[in-house]
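The structure appears right after this line, and notes come after that.
The values are calculated or read from the model by the stated rules, or taken from the named source; none is laboratory data. Just so it is clear, the model here is predicted, and its values are computed rather than measured. For neighbour counting, all protein chains shown are included, and Cβ atoms are generated from backbone atoms with ideal geometry for every residue, glycine included. Heavy atoms of the whole protein, side chains included, go into the accessibility calculation; ligands, DNA and RNA do not. Shrake-Rupley method; radii C 1.70, N 1.55, O 1.52, S 1.80 Å.
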Amino acid sequence: MVKKKVTMKDIAQRLGLSINAVSLALNDRAGVGEETRRLILDTAEEMGYLDQSIKYIQTYSNKNICVLMKYRFFRDFRFYGRILLGIEEEAKKSGYDVFINSFEEEGTIPSCVENRKVSGIIVVGKLSDDYLRMLKQYHIPIVLADHTSLGEATDCIMSDNKLGTFKMTTYLAQKGFSKIGYFGDARYTPSTMERFQGYYEAIQQNFEIEEFSETLNYVFRFSGVDNIERKVIEQDMDGLYALFEKIEEIPEVLICSNDELAILLMKTLQQHGYKIPEDIGIVGFDDIELSRMVLPALTTVHVGKKLMGQKAVQRLLYRMSHPHDSVEKLVLNVDIVERDSVKNPVKVEERNIKII
């Protein structure tokens with residue numbers, strides 16, 4: 001059976017509008033309100049009318065943005081949910097709808113991208129360069145949020161990860177701690193690598209360690225930097241504690257690569273009899289809402305998550321209208337949030353350390 005062709009009259013009858021109003025909306029002309037235009041375009045898409053004309057697909061795509069992210073990031077409402085909120089609010093303010101697409105495995109191209117029904121793509125969180133190259137074959141503007149590609153020049157919005165751990169480590173050194181460790185996968189993403197580098201450089205500067213080998217000895221004496229993220233994803237407290245026990249010497253305070261890890265580690269250590277912060281201090285990174293609710297409340301680095309989403313939309317809109325401009329990386333400032341998971345140690349000597 002031949003499928004009946006959908007007409008403007010069909011759309012008009014479905015919505016109780018005039019054919020003229022439908023025509024104005026589909027041709028992106030003045031004469032209908034934005035809300036009515038959006039309703040007409042969505043109905044035309046639902047009824048399959050847009051697939052009959054490349055011209056009208058282009059009109060429809062001019063009102064839509066695709067957000068693409070791994071499924072586990074989509075479930076993380078504490079961090080990535082705030083980024084999505086910023087994206088949705090800024091997109092709506094600018095007259096765009098957002099299609100959120102999550103995936104388990106890389107390689108599948110969302111249908112809205114494949115059929116070019118969106119005018120831009122925002123990738124949230126980690127994505128491989130191979131998958132990024134696949135997306136770029138569709139010649140749709142792309143912006144990365146909370147991720148940067150070292151192999152594919154792409155606009156991105158990041159928090160200042162390196163500065164965050166540098167400031168936190170300096171803050172702890174100023175409080176008088178001399179045994180400061182790092183806990184988290186250093187090479188999991190570009191962001192986690194930057195966070196580890198910030199910690200490393202702060203140790204070197206604040207304790208005036210000149211020899212490279214001496215800095216490494218200090219870092220790996222008090223730190224764990226491998227195979228940790230998988231334990232967090234799986235909420236494997238036994239596995240996490242086993243990795244903690246591998247640390248050569250238990251530090252006075254541990255800087256964790258993110259709040260989710262810090263909170264899970266605190267819970268794990270408390271179940272094994274540790275008192276936080278009396279036996280060991282724990283700090284995080286991201287300042288998710290839960291960091292204020294746990295006991296003790298978590299000292300952490302604040303990241304402007306909602307702002308990151310807003311900036312991603314702003315940059316995408318700029319890229320859409322300036323396709324040949326240079327690629328830019330926007331880095332958002334971060335701040336220390338002092339709470340209760342770090343004690344005030346007795347200072348052996350006053351240290352003259354400036355927090356940058």
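Can you name the number of the only condition in (1) surrounded by fewer than 17 Cβ atoms within 10 Å (Cβ to Cβ); (2) touching a helix residue (DSSP H, G or I) at 6+ places or on another chain (Cβ under 9 Å); (3) of a type in the set (Ser, Thr, Tyr) that Ser191 fails?
The failed condition is (1).
Does the range 267-277 contain at least one residue that is surrounded by 20 or more Cβ atoms within 10 Å (Cβ to Cβ), under 25 Å from the mean Cα position of the chain (by Cα) and modelled with pLDDT of 95 or more?
No, because not a single residue in the range 267-277 is surrounded by 20 or more Cβ atoms within 10 Å (Cβ to Cβ), under 25 Å from the mean Cα position of the chain (by Cα) and modelled with pLDDT of 95 or more.
Step by step: first the residues of the range 1-19, then only those that are in contact with a helix residue (DSSP H, G or I) (Cβ under 8 Å, 6 or more places away or on another chain) and under 21 Å from Asn115 (Cβ atoms), then the one that is least open to solvent (accessible area, probe 1.4 Å). Which residue is that?
By that ranking, first place goes to Ile11.
Which pairs turn up if I take residues in the range 180-192 that are within 12 Å of Leu265 (Cβ to Cβ) and look for partners that are of a type outside the set (Val, Ile, Thr) and assigned to a strand (DSSP E or B) with beta carbon separation below 7 Å, at least 6 apart in sequence or on another chain?
Pairs found: Gly181/Leu254; Phe183/Gly224; Phe183/Leu254; Phe183/Cys256; Gly184/Cys256.
What helices (runs of 4 or more DSSP H), lying completely within the range 20-87, carry at least 3 residues that are open to solvent by 20 Å² or more (accessible area, probe 1.4 Å) and either among the charged types (D, E, K, R) or modelled with pLDDT of 80 or more (or both)?
In the range 20-87, 34-47, 71-75 are the helices (runs of 4 or more DSSP H) which contain 3 or more residues that are open to solvent by 20 Å² or more (accessible area, probe 1.4 Å) and either among the charged types (D, E, K, R) or modelled with pLDDT of 80 or more (or both).
Applying the selection to the range 219-240, what residues are farther than 15 Å from Tyr188 by Cα and open to solvent by 30 Å² or more (accessible area, probe 1.4 Å)?
Correct list: Phe220, Arg221, Glu234, Gln235, Asp236, Met237, Asp238.
Give Tyr171, Tyr199, Tyr182 a once-over and let me know the one that is over 30 Å from Cys112 (Cα atoms), modelled with pLDDT of 95 or more and open to solvent by 10 Å² or more (accessible area, probe 1.4 Å).
Criteria check complete, one pass: Tyr171.
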